[in-house]
Every structure is written in C-alpha cells, then in structure tokens.
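Reading through the structure tokens given below for one structure.
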Amino acid sequence: MGRPVTTSEEVRDLFNVTANAKHKYDTWSTGHRRADVVPHVLAHTTRVLYTLTRDDLERVRCPSGEDEHALGRVKRAQAESVADIVDWEPDFAFTHVFHHALETLGHLPTWQEFRRFCENDPVARRALWLPAQAKIAEVQDSHGTTSAVAHDAMRWRVGNAYYSSVREIHLITLLRIHGIDVRFHPLADALFRVDAWWGHTVLSIYVGNDRFRNAGRGRKEPPERILHGAAPSFAFETINLAPADRYGVVHLAAEKDIQAVAERLKANPGPEPP
C-alpha cells in the first residue's frame, strides 16, 4: 500500500454534505477569489505532511545555525496596536501558503526557510509576500504608522501564524505516530473549519491564545455548526493545549499529552465513514 494522500475532491466528498457547508463552498468557489485562490487550493494534494517524523519536528523547534526566531525582537503591545494588520485577511489564507511551502519544499520549513520561500516562490510571493508589503504601505499611508512599526506588526502577525501551523503539524504528526490516521487539507481547514480529521471524527485544535489561529484570526464559525445535519453524522473532538510559557520558542505540546489524546480517540473512535 502506498503512502496516504489527501485531495480536495476527498474533502468535498466528506465535508461538503450539509446546506451550510454547500453554501460556504459555493460562495467561496464563485466569489472574487475564484480566478486565483480557488484553482490553487483545489489542486493541492497533502502528501509530505504524512511523512514527517520526530526528527523533522525537532529540526524546526531547534534550527541549526538559524538563531532568529519568527517574532524577532518585536514587542507585542506595539505590534498589536496596528489593528489593520493584526486583523488582516489576505485572499490566500495562511494555511494555503504554509502547506504549499511544505509540499513544495518536501520538508517542514524553519521560519527562515519559510520567509525565503515566500519571497522567492512565485505562488507564495503572489499569495503572501506582495500582499503583506502592500498592506504595510497602506497602513503607513492611511494611518501615518512608521515603517518600523508597520513591519513589526506584520512580522508579529505572520510569525504567530507560522508558530500556530507548526504546533498543529506537530500534534498531527505525533497523533499519526501514536496510531491515529489523522488527515489534513487546507480546503477543510480554511473553509469548513476542520483542523484535522480521523474517519468521521473532526478535530478542533487550540493552542495558547486562540485569537491567533491559522492566519491570526479567531474561529468565526465552529465546524459543529457547518456540518450539523450531516448523514452519517460527525463526531467532534476539541483538543486544548497549554499556551506558550517562553517568548520566542516554538511551544509544542508534551508528547505524553498527545499520547493521552490518541488513547482517548482510540477508546471513542466515533462513527465509521460510509
């Protein structure tokens, strides 16, 4: 048997099955993002994510020879004072860009690798790098924010989103190591609010301050509401992990806690897919 892959078609077959889900999908697929974002997301295949190991996670947690962490020397209070950047939502969700990087590079990128990728990869540059630069310029022009403050605010926003994605990938990878065949796709994540799933069990993952989830926004609508009325029904598991206790360090959940989640899921596997 070959290595697992997950396509957008599988996501649509599994989750685009309720009136609410279909409305969200139809609105997204025919909206202003249809010419750029939609084809990219529908063409995405999750493959590399399922090959990650503990060593891959450790490489990102403690990058060799790359001392600068994702938040740099940015001060939180100053960064969060620029509301237009803290609450900024580009057309491409952060999860779209991050998982494009993961699948294109073939490994989990460090912060520095991800930053270089966004600057140089044609898709990531169009999806995140150039919109971020444009937003920085807009904030400077419209609010008189200094260049340094605007750049720090964007670093804070994207850096936190990077950390959030790494923490979620760490959890998914260790659940798989502990025998839970967890699946992921950015279409499910960004559109249907499904952080990950196992069969017909939907996982919602919260790490630290859930204000900074994925692209820096709190969850607008829970998957329970989007998928209400599905037949067969879904089970829903919420996984809460402790907040970071040290600035500038990728805070990863303790493996014993993830193993406990895996054992709980095995004991209560939820409905079987049809």
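Structure above, values below:
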{"read-out": "Two-decimal log10 I(q)/I(0) for the chain, as the Debye equation yields it once each C-alpha is a single scatterer, q = 0.09, 0.14 Å⁻¹", "value": "-0.41, -1.03"}
{"read-out": "The chain, relative contact order [Cα under 8 Å, separation at least 6], %", "value": "23 percent"}
{"read-out": "The stretch 15-140, relative contact order in percent, only Cα pairs under 8 angstrom and at least six apart counted", "value": "27 percent"}
{"read-out": "In Hz, Karplus ³J(HN,Hα) per residue of the stretch 105-110 (6.51, -1.76, 1.60; θ = phi - 60°; x = Gly, Pro)", "value": "6, x, 7, 6, x, 5"}
{"read-out": "Sequence-distant lysines (8 or more away, or on other chains) whose Cα lies within less than 29 Å of Lys135", "value": "Lys24, Lys75, Lys220"}
{"read-out": "For Phe236, residues with placed amide H under 5 Å, excluding near neighbours", "value": "Val202"}
{"read-out": "Tilt relative to the chain, helix 255-267 - C-alpha long axis, 0 to 90 degrees, to 10", "value": "30 degrees"}
{"read-out": "Extension reserve of the Asp26-Ala43 stretch, reckoned as 0.36 nm per residue once the Cα distance is removed", "value": "4.4 nm"}
{"read-out": "Rounded, prolate or oblate (a/c below 1.5 giving rounded, otherwise prolate when a/b exceeds b/c) for the stretch 87-233 by Cα gyration tensor", "value": "prolate"}
{"read-out": "Cα pair distances exceeding 18 angstrom across the stretch 47-138, given as percent", "value": "54 percent"}
{"read-out": "Principal-axis tilt of helix 111-120 within the chain, Cα atoms, nearest 10 degrees", "value": "80 degrees"}
{"read-out": "Mean Cβ neighbour count within 10 Å, used as a protection proxy, ranking 44-54, 161-171, 178-188 highest first", "value": "161-171, 178-188, 44-54"}
{"read-out": "For Trp88, distant residues with modelled amide H under 5 Å away", "value": "none"}
{"read-out": "Whole-number accessible area per residue in Å² for the chain, which is evaluated in the context of all protein chains at 1.4 Å", "value": "47 Å²"}
{"read-out": "C-alpha long axis of helix 19-30 to longest principal axis of the chain, angle in °", "value": "40 degrees"}
{"read-out": "Reachable lysines from Lys256, criterion Cα separation under 28 angstrom, eight or more residues apart if same chain", "value": "Lys266"}
{"read-out": "Residue-span extension gain [Asp84 to Ala231] - 0.36 nm each, minus C-alpha spacing", "value": "48.9 nm"}
{"read-out": "Given charges at beta-carbon only (K, R positive; D, E negative), |dipole| of the chain in Debye", "value": "160 debye"}
{"read-out": "HN-Hα J in Hz across the stretch 183-197 - Karplus 6.51, -1.76, 1.60, θ = phi - 60°, x for Gly and Pro", "value": "10, 8, 7, x, 5, 5, 5, 6, 9, 9, 6, 9, 5, 6, 8"}
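The values are calculated or read from the model by the stated rules, or taken from the named source; none is laboratory data. As the structure is a computational prediction, the values presented were derived from the model and not from experiment. Note: ideal-geometry Cβ built from the backbone for every residue, glycine included; neighbour counts use all protein chains shown. Each accessible area value is taken on the protein alone, full model and side chains, heavy atoms only, with ligands, DNA and RNA left out. Shrake-Rupley method; radii C 1.70, N 1.55, O 1.52, S 1.80 Å.
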